[in-house]
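The values are calculated or read from the model by the stated rules, or taken from the named source; none is laboratory data. On a predicted model such as this, the values are computed, not experimentally measured, just so you know. A quick note on method: Cβ atoms are made from the backbone with ideal geometry, for glycine too, and the neighbour counts reach across all protein chains shown. Quick note on the areas: whole protein, heavy atoms, side chains included, nothing else; ligands and nucleic acids left out. Shrake-Rupley method; radii C 1.70, N 1.55, O 1.52, S 1.80 Å.
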Amino acid sequence: MPRRPLTAEQALWLLCLLTLIALAWLALQRMALAMSAPGGMADAAMSGMPMPWSPGDALLMLAMWAVMMVAMMLPGALPTLLLYQALLRGRLATPRRHLAVALFALAYLLVWSVFAIAATALQWWLEQLSLVHNTMRSASTQLTALLLLGAGLYQWLPLKAACLTRCRGPLQFFLGNWRDGALGGLRMGLAHGGYCLGCCWALMGLLLVVGVMNLLWVAALGAWVLLEKCLPQGLW
């Protein structure tokens with residue numbers, strides 16, 4: 001069956017979401033340049049200068065993780081968001097339909113923002129234990145092995161497969177989790193974000209191996225997440 005072209009409303013939502021993703025990548029690039037600039041975090045780490053976190057540092061790290069999650073995870077949610085908008089046609093008036101889709105997207109990103117808080121706290125704790133460099137990479141062979149083996153093994157666990165099944169089948173997700181109204185969009189966004197988190201959280205730990213601000217690897221992991229959700233090869 002041929003796929004239907006996007007409606008004007010779907011095209012507008014797609015444009016807005018793609019713009020948000022592009023802005024997130026632009027912000028990440030600016031952060032990476034600032035950290036690698038003379039006198040930045042990279043220079044301080046290479047000189048061996050201790051870098052205890054101030055409240056401003058903690059907020060900066062949290063912002064970095066949160067923006068990174070938008071850049072990496074929102075592309076994989078685009079098919080679900082566009083399908084949700086299509087399913088709402090005829091169910092809700094245009095203003096409430098826009099509100100429901102917006103709440104779905106915000107709830108999805110809220111889940112990953114909570115993950116960003118946890119990732120920031122974990123990074124701080126590992127730095128205090130000298131297991132992670134100031135350059136935001138693992139300083140421990142044991143920690144590196146644990147992260148790599150953990151991410152690899154998690155790929156084969158039933159929990160991973162269950163979450164991935166729900167992430168890869170937007171229609172199946174809505175059939176099993178449908179909630180009416182704008183608040184229903186909020187609840188379903190939280191549920192979809194939870195499934196996505198259950199699918200991908202272990203892969204995010206690899207950033208501490210390759211470097212949290214290594215944008216090449218950030219892009220590679222983001223592309224892997226997108227392919228996992230979109231390609232028809234299932235678990236393999």
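What to note about this one:
- Here the convex hull built on the C-alpha positions of segment 52-135 has a volume of 93 cubic angstrom per residue.
- The chain: relative contact order as a whole-number percent, Cα under 8 Å and 6+ apart: 26
- Å³ per residue enclosed by the Cα convex hull of the chain: 134
- Label-to-label distance, residue 118 versus residue 149, with points set 7 angstrom from Cα along the beta-carbon direction: 2.2 nm.
- Probe 1.4 Å, accessible area per residue of segment 91-173, Å²: 54
- Mean Cβ neighbour count within 10 Å, used as a protection proxy, ranking 199-211, 7-19 highest first: 199-211, 7-19
- Between helix 181-204 and the chain: long-axis angle, C-alpha atoms, 0 to 90°, nearest 10: 40
- Here is the list for segment 55-124: trypsin sites (Lys or Arg not before Pro) lying in DSSP coil, each with at most 15 other C-beta atoms within 10 angstrom of its C-beta, are 91.
- Accessible area of segment 83-236 belonging to carbon and sulfur atoms, whole % at 1.4 Å probe: 70
- The chain: angle of helix 55-88 to the longest principal axis, Cα-based, in degrees nearest 10: 20
- Seen from a random direction on average, the alpha-carbon convex hull of segment 102-236 projects onto 8.7 square nanometres.
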